[in-house]
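The values are calculated or read from the model by the stated rules, or taken from the named source; none is laboratory data. The structure presented is a predicted model; accordingly, all values stated were derived computationally and were not measured. For neighbour counting, all protein chains shown are included, and Cβ atoms are generated from backbone atoms with ideal geometry for every residue, glycine included.
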Amino acid sequence: MAKKKTPARRRAGAGEIAARRRAGSMQKAAPLLAIVANAVGALALLAAIAGIGWLLLYTGGDNSISSAFPDDVGGTRTIAAPALILLLSMVAFFFGQYAARGRWGVGDDSPSSTGRFRVDLRPIGAGLHVILLAAAVVAWMLVLVVPVILDARGDLVLSDGGSAADQFWFVVTVYGVISVATAMMIAVSLLKKLTYNRSLARHAAAIRPGSPSQRLWRQWSHIWRGELGVAAFGGIALGLSPLGAPLGSAAFTLGMLAAGVVLTAFAVVLALNAWRSGLPVERVESA
């Protein structure tokens, strides 16, 4: 005799059907979303690069932002504008890449995978990954390292204590942080990509689905990609260390280098152990 479905089971079944329908709708809309979102992301990225370049050249010429935009006396809004455009670019690329390379589905009921939605991503090649890493490193060097070198050589014409000088170094710091954090996250992501599947295959027998350890790694690394957050902070510390030269502080440089090395080493250890989630690195799940 067949068992009657309880109201709770019926609600769960209805919820799963609705989730599958939404996932199917997302998959159908993916091609158009990929084109639009990636185009918006690329245009926003170019606009942000142009804005950062203008800020560096204008303030580096000992010109206060308020001389170009009288309403922005401190220059904060103008300096923040490229960062907001970069955020728009990141969000657009996020949806564009998920649409272009992802296959949407519903999380399964296994104890090791409890996300409501699941996206299986087709990974980018290691070569493209390296190109993105190189681009981020070059951006950091142009935004932060080159100004430090120019200052050390006396090639910067900035009035001591002037608002233009303060704004110039603020731009250098803000966009140096963004570029070097991005570079380090890409680097650790590449390391994880090159080692994850081999490590998972080698240690698969040691993973107990549903165990506290497996669930912890699933939340920390598989869902939230926590090692990339640690890598970002490590990159920021390392990337800002050259600013000790214009500040005239060796202690600043040594302290940032030490913090950066420790955080980056921790991020590497986390990336090399991410296989403990027991889940495919190409899959992205909701919490």
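For this structure, a couple of remarks:
- Answer residue from the stretch 249-270, given it is within 21 Å of residue 160 (Cα to Cα) and either in a helix (DSSP H, G or I) or at pLDDT below 95 (or both) and is farthest from the chain's Cα centre (by Cα) among those: 250
Every residue, every condition in (1) in contact with a strand residue (DSSP E or B) (Cβ under 7 Å, 6 or more places away or on another chain); (2) outside any helix (DSSP H, G or I); (3) within 21 Å of residue 123 (Cα to Cα); (4) of a type in the set (Phe, Trp, Tyr), yes or no:
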position	(1), (2), (3), (4)
199	no, no, yes, no
208	no, yes, no, no
215	no, no, no, no
245	no, no, no, no
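- Selection status of residue 239, of a type outside the set (Val, Ile, Thr), surrounded by 15 or more Cβ atoms within 10 Å (Cβ to Cβ) and either closer than 26 Å to residue 151 by Cβ or within 16 Å of the chain's Cα centre (by Cα) (or both): yes
- Any chance residue 194 is loosely packed, with under 14 Cβ neighbours inside 10 Å, touching a residue at least 60 places away in the same chain (Cβ under 8 Å) and either in contact with a strand residue (DSSP E or B) (Cβ under 9 Å, 6 or more places away or on another chain) or part of a helix (DSSP H, G or I) (or both): yes
- Filter pass, residue 77 being under 30 Å from residue 95 (Cβ atoms), at pLDDT below 85 and either out of contact with any Pro (no Cβ under 9 Å at 6 or more places or on another chain) or not aliphatic (A, V, I, L, M) (or both): no
- Restricting the stretch 275-287 to residues that are in contact with a Phe, Trp or Tyr (Cβ under 6 Å, 6 or more places away or on another chain) and outside any loop (DSSP other than H, G, I, E, B) leaves a set whose member that is surrounded by the fewest Cβ atoms within 10 Å (Cβ to Cβ) is 276.
- Among the residues of the stretch 154-189, those identified as without any contact (Cβ under 8 Å) to a residue 60 or more places away in the chain and assigned to a helix (DSSP H, G or I) are 166, 181, 182, 183, 185, 186, 187.
- Which listed residue is more than 30 Å from residue 245 (Cα to Cα) and at pLDDT 95 or above, from 175, 196: 196
- Annotation note: of 249, 221, the sole residue that is polar (S, T, N, Q) and surrounded by 21 or more Cβ atoms within 10 Å (Cβ to Cβ) is 221.
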